[in-house]
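Engineer: Take a look at this one; I'll ask things after.
The values are calculated or read from the model by the stated rules, or taken from the named source; none is laboratory data. Fair warning: this is a prediction, and the values are worked out from it, not measured in the lab. Methodologically, a virtual Cβ is constructed for each residue, glycine included, from the backbone with ideal geometry; neighbour enumeration extends over all protein chains shown. Please note that ligands, DNA and RNA were not included when accessible areas were found on the heavy atoms of the full protein model with its side chains. Shrake-Rupley method; radii C 1.70, N 1.55, O 1.52, S 1.80 Å.
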Amino acid sequence: MELPPSSEQSAVPGKGPAAPDVPAELPFSERTFGDWLRTRFSEGQRFIILCLLVGLVCGLAAVGIHIAIEGIFHGVWDFSRHWEHLGIPWWLVMPWVPALAGLIVGIAVNRWAPGAVGSGIPQTKASFYNEFGQIPFKTAVWRFLLTSVYVGGGNSLGREGPTVHMCAAIASSMGRSFGLAKFRVQAMVPVGVAAGIAAAFNAPISAILFVFEEILDDFSSKALSGIVIAVVVSEAVARLLLGEDPILQARLGGQHGVHWWMLVAIPLGLSAAVIGHFFVNSLLGFRHWCAESFKVPEVLKPALGGLLLGVIGTGAYFATGLFGDPQNSIFSIGYESLELAFESKLVVGAIIILLVAKIIAVVVCYGTKGSGGLFSPTLYFGGMLGALWGLFIVQFCNWTGLNPYEDGTRMVGACVLLGMGAMFAAIIRCPFTSLFIIFEMTGNYSLILPLMVGNILAYSVSGWLRKVPIYDAILVQDRVSLRKMPTYQGARDYRHLPVSTIMHYDLISVSASETPAIALERLRKDPSQMRRSYPVVDGEAESRRGFLGMVMQHELEEYLDGGVERTVGELIAGQKVRKITPNTVIRDAAMQMVKEDIRQLPVVSPGDSTRILGVLTLNDIARQQNAMSGHLGRE
């Protein structure tokens, strides 16, 4: 992995950073563990040893969170059933358990672990690109505990994203303990991510591909060696403890009617792209509404989301008629329902109920700041969509006499597999990972060509519908900009990204009713609030609504020195306000700046041009251009 050079890097090419000297006479009791390692191993040797240990620890952690979630959920089910002995129906108890789990998560997140919310992959990317991969070890502990409680308590999210975050924190912490330089600690993050994915999905190849597609900015062989070591060790640990079998059993037989199946993959890929786009828009919209407009204490939001999930899940359990295992509903991860779909044991009505209910449940759980990921729900959506197409094809074959598979069960199972891959490509936007993860999760390689067709079609259409992938969109929504955008979005095509990926969100406004003297006096009380320019709003200075225009720092000072008693609103009267929205592409914004000979543009809400969201400056564009030029070797 090529990382930006730092002051800690060695001047000797290929040797890595020079290890700081540790005085031999330093008493052993005063040496840190990192000091002891530096005296015995080179930087590269410590990195390889650490990759082995990270694979071992992350494998154990991933297996642990898997067992914890399964154990807690089945304990919850037994607990709800126990109340029937007291004359209280289980369905009156079960909805409150996810709510209790959400309350625990809400308290912990708001008091001790703010970084343990959501899937953890956006946080991992932000730490990797903005903070040299510095993730505290306590993040791993809280991730393990809160995801186990939240998902194990029945809430409808996955464990894989939190496993990624947990393992990244473990790898980062171990890197610092080993006394590695900053850029080596940063390199440990993708090592931990790969180890976590491999153990969570029983998918070593997909783990490596995901790291390169989602986390890293290039396909460097230097990164590959350490990642492969950790993946092999982590996967060996997971298989030793959990067994060799794939997560989902899909026995579809050999390849039959490949050309016919490729025609099936086309409508399935298109429908996956549309449903995936609808899901992403719903999740981001509900998440934004919960953060900005849902006026309840933050600590209660996950609890209310859990209560709503409990009601939806209980209703879906009865509506589908799939009695027995509660995971046949939409509670928790839900791979059991996918296995029923593979075996063609679900009727059309049950599939539609599970698909719609699961989408609503995931939007609610994620939007209310639960602790869980999106990988498993994405596969769930795709599996149910594929099952619908499979049942339709079976019926169509009965009408027309076409019969590519004699066994309708195998036909439905094949469509489930195709749907899972297409939906993963549409939502997560990692096309290579989406291809291989289906093979590794199911142990079935018989439909590689139609799977490739469906995946690339879903990936392309979803990219056309929404330019920014879901994890980056979450970072943008949280007003976090990556200092260097990953190049899988197109290093040569960064100009087509929306300005929301590089704009500034930390606005300090002034009120139109203030005089320049009052505004400057207020701003100078806190030097951190001083800016070159300020949005002018018609109301309180802290507001982002009622945007009227921009005023420069020097303009306020000039009118102050002139002794003219005017308000800031009068100062900017008649100003021609040029605005853009977060979806404006960087290229168009840059062209507008050049044409108008201006250095900044206010970014306003697409639905309300009087609500300012941030500011885009020429420096933002130049910084992104320099980062991409450096990646392409132009420096």
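Engineer: With every protein chain present, what accessible area does Val615 have (1.4 Å probe, heavy atoms only), rounded to the nearest 10 Å²?
Structural biologist: Counting only protein heavy atoms, Val615 exposes about 10 Å² to solvent.
Engineer: To the nearest 20 debye, what charge dipole does the stretch 71-206 have about its Cα centre, counting +1 at the Cβ of each Lys and Arg and -1 at the Cβ of each Asp and Glu?
Structural biologist: In debye, rounded to 20, the stretch 71-206 gives about 480.
Engineer: If you don't mind, there's one more thing I want to ask. Step through the table entries Lys525/Lys579; Lys295/Lys579; Lys295/Lys369; Lys467/Lys576; Lys138/Lys358, compare each Cα-Cα distance with 22 Å, and write down the pairs that go over it.
Structural biologist: Exceeds cut-off: Lys525/Lys579; Lys295/Lys579; Lys467/Lys576; Lys138/Lys358.
Engineer: Compare Trp464, Trp90 by solvent-accessible area with a 1.4 Å probe and give them largest first, with all protein chains kept in place.
Structural biologist: Ranking Trp464, Trp90 by accessible area, largest first, yields Trp464, Trp90.
Engineer: Please report, to one decimal in angstroms, the Kirkwood hydrodynamic radius of the stretch 38-116 built from all distinct Cα-Cα pairs.
Structural biologist: Taking every pair of different Cα atoms in the stretch 38-116, averaging 1/r and inverting gives 16.4 Å.
Engineer: Next question, about the same structure. Could you size up the charge dipole of the stretch 56-149 around its Cα centre, putting +1 on the beta carbon of Lys and Arg and -1 on that of Asp and Glu, and report it in debye to the nearest 20?
Structural biologist: Dipole magnitude for the stretch 56-149 comes out near 260 debye.
Engineer: Quickly work out the Leu449-to-Glu555 label distance, labels modelled 7 Å from Cα along the C-beta direction, and quote it in nm with one decimal.
Structural biologist: Between Glu555 and Leu449, the simple spin-label model gives 6.5 nm.
Engineer: Now, a different point. Give me a comma-separated list of calculated 3J(HN,Hα) values for the stretch 188-195, in order, Karplus coefficients 6.51, -1.76, 1.60 applied at θ = phi - 60°, integers in Hz, x for any Gly or Pro.
Structural biologist: After applying 6.51 cos²θ - 1.76 cosθ + 1.60, I find 6, 4, x, 5, x, 4, 4, 4 Hz.
Engineer: Can you compute the FRET efficiency between Met591 and Arg566 using 1/(1 + (r/R0)^6), with r the Cβ-Cβ distance and R0 = 51 Å? Round to the nearest 0.05.
Structural biologist: E between Met591 and Arg566, to the nearest 0.05, is 0.90.
Engineer: On to the next question. Using only the heavy atoms of the protein chains and a 1.4 Å probe, how would Tyr559, Tyr335 rank by accessible area, largest first?
Structural biologist: Output order, biggest surface exposure first: Tyr559, Tyr335.
Engineer: Calculated FRET efficiency, Gln45 and Leu242, Cβ-Cβ r, R0 25 Å, to nearest 0.05?
Structural biologist: 0.20
Engineer: Okay, moving on. For the stretch 110-243, what class follows from the C-alpha gyration tensor (a ≥ b ≥ c being the square roots of its eigenvalues): rounded when a/c is under 1.5, otherwise prolate if a/b is larger than b/c, else oblate?
Structural biologist: Note, shape of the stretch 110-243 comes out oblate.
Engineer: Here's another thing I want to ask about it. Which of rounded, prolate or oblate describes the stretch 424-474 when judged by the alpha-carbon gyration tensor and an a/c cut-off of 1.5?
Structural biologist: oblate
Engineer: How much accessible surface does Val232 have with a 1.4 Å probe, in Å² rounded to 10?
Structural biologist: Approximately 90 Å² for this residue.
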